[in-house]
Amino acid sequence: MVNPCSLCDATCCKNYLITVTSFDVDRIARRTGKKPDEFAHFYPARILNYDWDTVLQFFDTGPLPDYCLLALKSWPCFFLEKNKCSIHTLSPLICKRYPFDLSGNLIARHCGVASKAIFILKGPDARDRLKEIDAYKAIVKEWNELKGKKEDCMEFILKRSADFKEHAAP
């Protein structure tokens, strides 16, 4: 079956904030050899529709936290080359699932008719990685309870992701 994303102009990759998990960052860093801060950053949580269980809190500037999401450097996506994803085989869960949300609902606002039809036939991808979302939420909760500083967060969440994978291995 043809890849539905090959039929579009990468509108989603050019216009959306691409949120990721620490598992996504780890996978991409290991396979590309890039350091996490080259392609990922903490983006202020100023969008209206996100899962609060994935919002990281930073207590760098006072008693009230700054709220951020872990995201790829976007607009356009850091990994977009000539309207194609250069890391398609290891892309973040949100990209693997697009245009389906994590609940399996189709949200293909920018997809053409042909792409939408193929997505519907194909169904959502990366079902096997959905357990990472729950683990990431637990890591975020643990971080937020620490009331830590932004500069320490990436190392913490990547370490906790590695610990989780190590304990989850059969």
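All but one of (1) over 18 Å from Trp143 (Cα atoms); (2) out of contact with any Leu (no Cβ under 7 Å at 6 or more places or on another chain) hold for Arg27; which doesn't?
(2)
Determine which member of the set Leu72, Leu121 is surrounded by 13 or more Cβ atoms within 10 Å (Cβ to Cβ), within 28 Å of Asn15 (Cα to Cα) and either hydroxyl-bearing (Ser, Thr, Tyr) or touching a residue at least 12 places away in the same chain (Cβ under 8 Å) (or both).
None of the others qualify; the one that does is Leu72.
In this structure, does Ser91 turn out to be closer than 17 Å to Tyr16 by Cβ, surrounded by 15 or more Cβ atoms within 10 Å (Cβ to Cβ) and more than 20 Å from the chain's Cα centre (by Cα)?
Spelling it out, it is not the case that Ser91 is closer than 17 Å to Tyr16 by Cβ, surrounded by 15 or more Cβ atoms within 10 Å (Cβ to Cβ) and more than 20 Å from the chain's Cα centre (by Cα).
Return the only residue of Phe58, Phe39 being closer than 21 Å to Glu142 by Cβ and either of a type in the set (Phe, Trp, Tyr) or under 14 Å from the mean Cα position of the chain (by Cα) (or both).
Matching residue, one of Phe58, Phe39: Phe58.
Among the residues of the range 27-41, is any among the aliphatic types (A, V, I, L, M), surrounded by 13 or more Cβ atoms within 10 Å (Cβ to Cβ) and either over 29 Å from Glu145 (Cα atoms) or in contact with a Pro (Cβ under 8 Å, 6 or more places away or on another chain) (or both)?
Looking for residues that are among the aliphatic types (A, V, I, L, M), surrounded by 13 or more Cβ atoms within 10 Å (Cβ to Cβ) and either over 29 Å from Glu145 (Cα atoms) or in contact with a Pro (Cβ under 8 Å, 6 or more places away or on another chain) (or both), one finds at least one in the range 27-41, hence yes.
Pick out the one residue from Asp53, Asp37, Asp60 that is touching a helix residue (DSSP H, G or I) at 6+ places or on another chain (Cβ under 8 Å), of a type in the set (Asp, Glu) and part of a loop (DSSP other than H, G, I, E, B).
Step by step, each of Asp53, Asp37, Asp60 is checked, and only Asp60 is touching a helix residue (DSSP H, G or I) at 6+ places or on another chain (Cβ under 8 Å), of a type in the set (Asp, Glu) and part of a loop (DSSP other than H, G, I, E, B).
Can you tell me which residue in the range 1-34 is modelled with the highest pLDDT, limited to those that are over 25 Å from Val55 (Cα atoms) and part of a loop (DSSP other than H, G, I, E, B)?
Here the answer is Gly33.
Residues in the range 98-113: is at least one assigned to a helix (DSSP H, G or I) and either more than 22 Å from His41 (Cα to Cα) or touching a strand residue (DSSP E or B) at 6+ places or on another chain (Cβ under 6 Å) (or both)?
So far as the range 98-113 goes, yes, one or more of its residues are assigned to a helix (DSSP H, G or I) and either more than 22 Å from His41 (Cα to Cα) or touching a strand residue (DSSP E or B) at 6+ places or on another chain (Cβ under 6 Å) (or both).
Do the conditions hold for Tyr67, that is, is it more than 14 Å from the chain's Cα centre (by Cα), surrounded by 14 or more Cβ atoms within 10 Å (Cβ to Cβ) and closer than 22 Å to Gly148 by Cα?
Yes.
When you look at Trp52, is it of a type outside the set (A, V, I, L, M), without any contact (Cβ under 8 Å) to a residue 12 or more places away in the chain and surrounded by fewer than 17 Cβ atoms within 10 Å (Cβ to Cβ), yes or no?
Yes: the conditions hold for Trp52.
Is it the case that some residue within the range 77-84 is among the acidic types (Asp, Glu) and in contact with a Phe, Trp or Tyr (Cβ under 6 Å, 6 or more places away or on another chain)?
For the range 77-84, residues among the acidic types (Asp, Glu) and in contact with a Phe, Trp or Tyr (Cβ under 6 Å, 6 or more places away or on another chain): absent.
The values are calculated or read from the model by the stated rules, or taken from the named source; none is laboratory data. All values reported here derive from a predicted model rather than from experimental measurement. Here Cβ is always computed from backbone atoms with ideal geometry, including for glycine, and neighbour counts include all displayed protein chains.
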